[in-house]
Amino acid sequence: MSIWTTFHKWGSPRWFYQFSGRLLPYLAGLSLLLLIGGAVWGLALVPADYKQGNSFRIIYIHVPASAVAMGAYMTMAIAGAIHLIWRMKLAAMVMKAIAPIGASLTFLALLTGAVWGKPTWGTWWVWDARITSVLILFFLYLGVMALHQAFDNRDAAAKACAVLVIVGAVNIPIIYWSVEWWYSLHQPASIRFIGESTIHPSMLRPLMATLSGMYLFFAWAMLLFTRAEILDRERNTRWVQDLVCGVQEQGVK
Amino acid sequence: MASAGVSSLVVAVLRRDLSAAARRGSEWSNPLVFFIMVCALFPLGIGPQPERLAELAPGILWVVALLASLLASDSVFRGDYDDATLEQMLLSHQPLYPQVIAKTIAHWLLSGLPLSLLSPLLGVLLHLPMAGMGALMASLALGSAVLSFIGAIGAALTVGLRKGGLLLSLIILPLYIPVLIFGSSAVKAAVEAGPYLPQLAMLGVFFLLALALAPLAICGALRISVDQ
Amino acid sequence: MYFDSLGDFLAMDGHGPYVWFCYGVTAVVLGGLLWEARRRRQSAEQAVRTVVRRKQASTGKE
């Protein structure tokens, strides 16, 4: 019983807007603190890697960006499933909000991976299994965004994207595993010696900071995008109009 | 009654789609012409040396066959959507699931199967060694069935949109990647006289997964496209 | 502090341009996301205001 009341509360855009508003300052402060603190720690305080030199400091943004981009897709798929199964409008708004954030983080992961590869591997781009998988994830995000824009009808766009995102989420493990297998066939021997094993435990602590900071940043940005979408979609409701144009009566809290 | 009804429904949809395609002709011949033309572009683009072409042939043949199948997918539901047959399909009390499977199999019979039958000819043009021909045909026949099912999801999602073609390729191409990897790898392994049955077995697994899961997504997508 | 001087810190033994470029782009992309969220919020608020103005205009006429 209480699960269902919680669920209905969460499904109400108005309740979500007010609840997320209270959450925002904490998310913003904590994520910026962890991201900036972790970056300073990783840039200035940690010793250089004995094989990669200072270029390894890029992993403090590369690894969080790729991990969160992956998690963002799965979050989007869960939101899509909730929207399709329970017809929850809020889930569609969350799904729409995640796509540009996830695509940006995937782009960031690709770019930092390429820039890290130049001093480390001597080339900007390697068709390494992990980089290729991130590239495919980027394509999946672009496809979802393209499909969303193609529809004039918002509800149809949300439902079609939900189907596509779920199909993509079912495929992602297959794609990752296939690319892994494909890479094992063609693996050049020269780059095998660089792996995570060379990273010293003390170097992992700033990574934990930037990783959790990136997750919090994602949550923060997701809430901001969803809140803007709520205002846009609920523009005909009284509470949104009171919120934007000033309260004309006491009833709104 | 129910099982006989479903199988006769599948046969009826198959027969209708195939006879409609036979009357028009372009539906099954256009992907083949595309396949031939694009394969002929590669020697012009990378040079006529037989050794180099032979080395690239498995990849080229698979990528071009994949694109041909992709371009053909746009039409799986297009005609039925335009003349409102699709709406009738959704409104009728007949189950949608078997009809969708029948339509996708019809699409494969009209695009994937002819592509795989024609592929040895293009293999010869691209100097693919004889040892690779069997694997090429088998992997294309099996792999294009998976491509048809994935492509039908995209076609069902975009059938209500006016400019579906390019959008369809954007949303579907990333999902084709596992099929491409195992398909071209089977041909390459056969050319190098290695074992290629494992790759074909993987394509078989993909086919069974697609057969079981893709129609669910296709049915959902069709309802969305027709309802909007 | 791992580095001896500010010059060392900026140069990073020759890897400076790569490292600083990555951190710079990250700052730009994350900042861009926040800016885009702000832009969307403002355009949504604009849309709400238009609705309210139209509603007030129509009730005023009656």
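Contact order normalised by length for segment B:25-226, with contacts defined as Cα pairs under 8 Å and 6 or more residues apart; what percent is it?
Dividing the mean separation by the residue count of segment B:25-226 yields 28 percent.
Let me know the mean shielding of A:178-184 by other chains, meaning the per-residue number of their Cβ atoms within 10 Å of its Cβ.
That average works out to 4.
Out of all Cα-Cα pairs in segment A:46-139, roughly what percent, to the nearest whole number, are more than 20 Å apart?
Summing the P(r) tail past 20 Å for segment A:46-139 gives 45 percent.
What's the Cα-based Rg to Rh of segment B:102-172, Rh via Kirkwood?
1.09
Given a 1.4 Å probe and no ligands, DNA or RNA in the count, how much accessible surface is buried by C and A, both sides, to the nearest 100 Å²?
3400
Let's test the formula: R0 of 45 Å, r as the Cβ-Cβ distance of A:A146 and C:L6. What FRET efficiency results, to the nearest 0.05?
The formula returns an efficiency of 0.45 here.
Top to bottom by accessible area (1.4 Å), largest first, where do C:H15, B:H107 land?
Ranking C:H15, B:H107 by accessible area, largest first, yields C:H15, B:H107.
Would you be so kind as to identify all helices of chain A, as entire DSSP H runs, whose Cα atoms reach 27 Å or more along the helix's own axis and whose mean Kyte-Doolittle hydropathy is at least 0.0?
A:13-40, A:59-86, A:89-121, A:129-150, A:154-186, A:201-233
Work out Dmax and Rg for the protein assembly as shown from the C-alpha atoms and quote the Rg first, both in angstrom.
Over the protein assembly as shown's Cα set, Rg and Dmax evaluate to 26.9, 86 Å.
Other chains' Cβ within 10 Å of A:104-112 residues: what's the mean?
So the per-residue partner count for this stretch is 3.
Among B:L70, A:G37, B:A190, flag the residue with its Cα farthest along the positive direction of the charge dipole of the protein assembly as shown, charges on Cβ as +1 for Lys/Arg and -1 for Asp/Glu.
Selected residue: A:G37.
How do B:77-86, B:179-188 rank on mean C-beta neighbours within 10 Å, highest first?
Going by the mean number of other Cβ atoms within 10 Å, highest first, we get B:179-188, B:77-86.
Rounded to the nearest 20 debye, what is the charge dipole size of chain B about its Cα centre when +1 sits on each Lys and Arg Cβ and -1 on each Asp and Glu Cβ?
Its charge dipole is roughly 160 debye.
With +1 on each Lys and Arg Cβ and -1 on each Asp and Glu Cβ, and nothing else charged, work out how big the dipole of segment B:1-59 is about its Cα centre, in Debye to the nearest 20.
It works out to roughly 340 debye.
Please list B:42-49, B:54-61 highest first by mean number of surrounding beta-carbon atoms within 10 Å per residue.
Highest-to-lowest ranking by the protection proxy: B:54-61, B:42-49.
Return an integer: the convex hull volume of the alpha-carbon atoms of chain B, in Å³ per residue.
It comes to 118 Å³ per residue, whole-number rounded.
Taking a cut-off of 19 Å between Cα atoms, list the aspartates and glutamates near A:K118, but don't count ones fewer than 8 places away on the same chain.
Counting by Cα, and skipping residues close in sequence, A:K118 has these aspartates and glutamates nearby: A:D49, A:D128, A:E196, C:D13.
Got a number for carbon plus sulfur as a percent of segment B:135-205's accessible area, 1.4 Å probe?
That share works out to 73 percent.
I'd like to compare B:22-30, B:145-153, A:53-61: which one has the highest average count of other Cβ atoms within 10 Å, and what's the full order after that?
Result, highest mean Cβ count within 10 Å first: B:145-153, A:53-61, B:22-30.
Would you mind giving the mean number of other chain beta-carbons within 10 Å of the Cβ of each residue in A:154-163, as a whole number?
5
Inverting the mean 1/r over all pairs of different Cα atoms, compute the Kirkwood radius of chain A and quote it in Å.
So the Kirkwood estimate lands at 20.3 Å.
By how many nm would the segment from B:R23 to B:E51 lengthen if fully extended, with 0.36 nm per residue of separation less the alpha-carbon distance?
Difference between extended and current length: 5.9 nm.
Just the accessible area per residue of the protein assembly as shown, please: how many Å² with a 1.4 Å probe?
Value returned for the protein assembly as shown: 47 Å² of accessible area per residue.
Over 32 Å between Cα atoms, which of A:K96/C:K55; A:K159/B:K188; B:K163/B:K188; B:K103/B:K163 qualify?
Over 32 Å Cα-Cα: A:K159/B:K188; B:K163/B:K188.
Would you mind checking which residues have amide H under 5 Å from A:D49's amide H? H placed 1.01 Å from N; only 5 or more apart, or other chain.
A:F56
Kindly sort A:V40, C:V25 by accessible area of their heavy atoms, largest first, with the probe set to 1.4 Å.
These residues rank, largest area first, as A:V40, C:V25.
The values are calculated or read from the model by the stated rules, or taken from the named source; none is laboratory data. All values derive from a computational prediction rather than experimental measurement. In this analysis, Cβ positions are derived from the backbone assuming ideal geometry, glycine residues included, and neighbour counts consider all displayed protein chains. The area values use the complete protein model at the heavy-atom level, side chains included, leaving out ligands, DNA and RNA. Shrake-Rupley method; radii C 1.70, N 1.55, O 1.52, S 1.80 Å.
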